[in-house]
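What follows is a set of notes on a single structure, which appears directly below.
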Amino acid sequence: MSNGPTRLHIITERDVGMFSLIQQVVAQIPWALAEACIPVFYFGGGTCYWTPNGYRGADTVWEYYFEPVNRSCPAARIPESVTALLAHDRPTADEVGYLVGDGAFVSSHFGDHPLLGGMALRIPYQWDDPSDALRREAKAVLDSFVRPRSYLAQKVEDFYTRQMAGHYVVGLHARGTDATSTQEIRPFRQGSLVLSRYYAEIERILEVEPDAKVFAASDDQSSVDRLAAAFPQRVIAYDSVRHQGGEAAGQGPTGWIMPAYIAGDRDVAAKNGEDAIIEYLLLSRCRQLVHNGSSLARTVLLNAPDLPHINTHRRPPALAEAGGSPHHGDRPRVREL
């Protein structure tokens, strides 16, 4: 879409969880680079992680936690004419994006738009886990462009040194909250958290690695507590913001289903984003991963392409796989403003 001077490829937020946002970035970076554009991530009020108070000295969600992809071009370098336009006319997931003059292309979809023809990475988000080839390709993107800020990397290193170094550690991610709610009607999320399946997998691993520790990560405190009770003296966990009870599901800024414990307080959500990324980085350093269907766990698989894993939530044999993405229509649009 660009044969002229280098311009910005601006990726704006969707009303989704933290790791869907990260996967959106990973998917679109190869496309932006192929078009000789500089990727810039402008994640604002359309996601619950954004807070008007800012976080860790940053004003946009990506830069709360990560370095700009191009350090010379943070979100603050986006021209005011573009941010003014985005304030009232953001691209939708139904379109590839739109051009803003000669200086910027703006997009917000997941990278799986049919018009792209394989230029972006197609990361599965329903039943399937990423293939080995996709894991290797995405790992190269993550290593080069998705760089946690130093404060966050130091927290990871401190916890790893205190709790995990020198041990065989099984990583466990249990996605709960809105995925267990009656408001969640998508088949690939319904019934996705069954802790007994985790118990069985951990017991199987312990037969081979009897001294193993279990690093438990979850958005739901009760899941961590139950795992710790089932495997006393083995389970370790990072002190994260988690769901503590009450209604599991809430609504994000544009009405999409989100965990209630972050949907109602933007400052809590910003802190939860930090904690979830720390858990993701720690899970990436484990020796095995046991998980259910979640974007966080699948991003771990992208970040650690050789990590063995077990998905406890599989597609029922009688359920036909849904085709395509629910986020785009049949007629992709490209606008120029």
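The values are calculated or read from the model by the stated rules, or taken from the named source; none is laboratory data. Nothing here was measured: the structure is a model prediction, and the numbers come from that model. Backbone-built Cβ (ideal geometry, glycine too); neighbour counts: all protein chains shown.
Data for the structure
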read-out: Hey, Leu115 assigned to a strand (DSSP E or B) and either surrounded by 15 or more Cβ atoms within 10 Å (Cβ to Cβ) or in the same structural domain as Ser20 (by TED's automatic domain parsing) (or both) or not; value: no
read-out: Meets criteria (closer than 21 Å to Gly97 by Cα, over 13 Å from the mean Cα position of the chain (by Cα) and surrounded by fewer than 22 Cβ atoms within 10 Å (Cβ to Cβ)) for Gly54; value: no
read-out: Single residue of Leu33, Leu85, Leu8 found to be of a type outside the set (D, E, K, R), surrounded by fewer than 18 Cβ atoms within 10 Å (Cβ to Cβ) and at pLDDT 90 or above; value: Leu33
read-out: Residues satisfying the stated conditions in segment 57-69, i.e. closer than 27 Å to Pro114 by Cα and surrounded by fewer than 18 Cβ atoms within 10 Å (Cβ to Cβ); value: none
read-out: Filter result for the condition that a residue is β-branched (Val, Ile, Thr), touching a residue at least 12 places away in the same chain (Cβ under 8 Å), assigned to a loop (DSSP other than H, G, I, E, B) and buried (at least 16 other Cβ atoms within 10 Å of the Cβ), over Val16, Val40; value: Val16
read-out: Residue that is modelled with the lowest pLDDT [pool: residues in segment 124-157 that are farther than 22 Å from Ile38 by Cβ and assigned to a loop (DSSP other than H, G, I, E, B)]; value: Trp127
read-out: Residue match in segment 231-253 (condition: more than 18 Å from Ser20 (Cα to Cα), modelled with pLDDT of 95 or more and of a type in the set (Gly, Ala, Ser)); value: yes
read-out: Selection count where residues are out of contact with any helix residue (DSSP H, G or I) (no Cβ under 9 Å at 6 or more places or on another chain) and within 16 Å of Ser294 (Cβ to Cβ), scope segment 237-255; value: 0
read-out: Residue list for segment 214-260, restricted to those being surrounded by 20 or more Cβ atoms within 10 Å (Cβ to Cβ) and basic (Lys, Arg); value: Arg242
read-out: Residue that is nearest to Leu86 (Cα to Cα) [pool: residues in segment 49-63 that are touching a helix residue (DSSP H, G or I) at 6+ places or on another chain (Cβ under 7 Å) and assigned to a loop (DSSP other than H, G, I, E, B)]; value: Thr60
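Results for (1) more than 26 Å from Gly117 (Cβ to Cβ); (2) not in a loop (DSSP other than H, G, I, E, B), shown as yes or no for each residue.
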position: Ala27; (1), (2): no, yes
position: Gly44; (1), (2): yes, no
position: Thr47; (1), (2): yes, no
position: Arg71; (1), (2): yes, no
position: His88; (1), (2): yes, no
position: Pro91; (1), (2): no, no
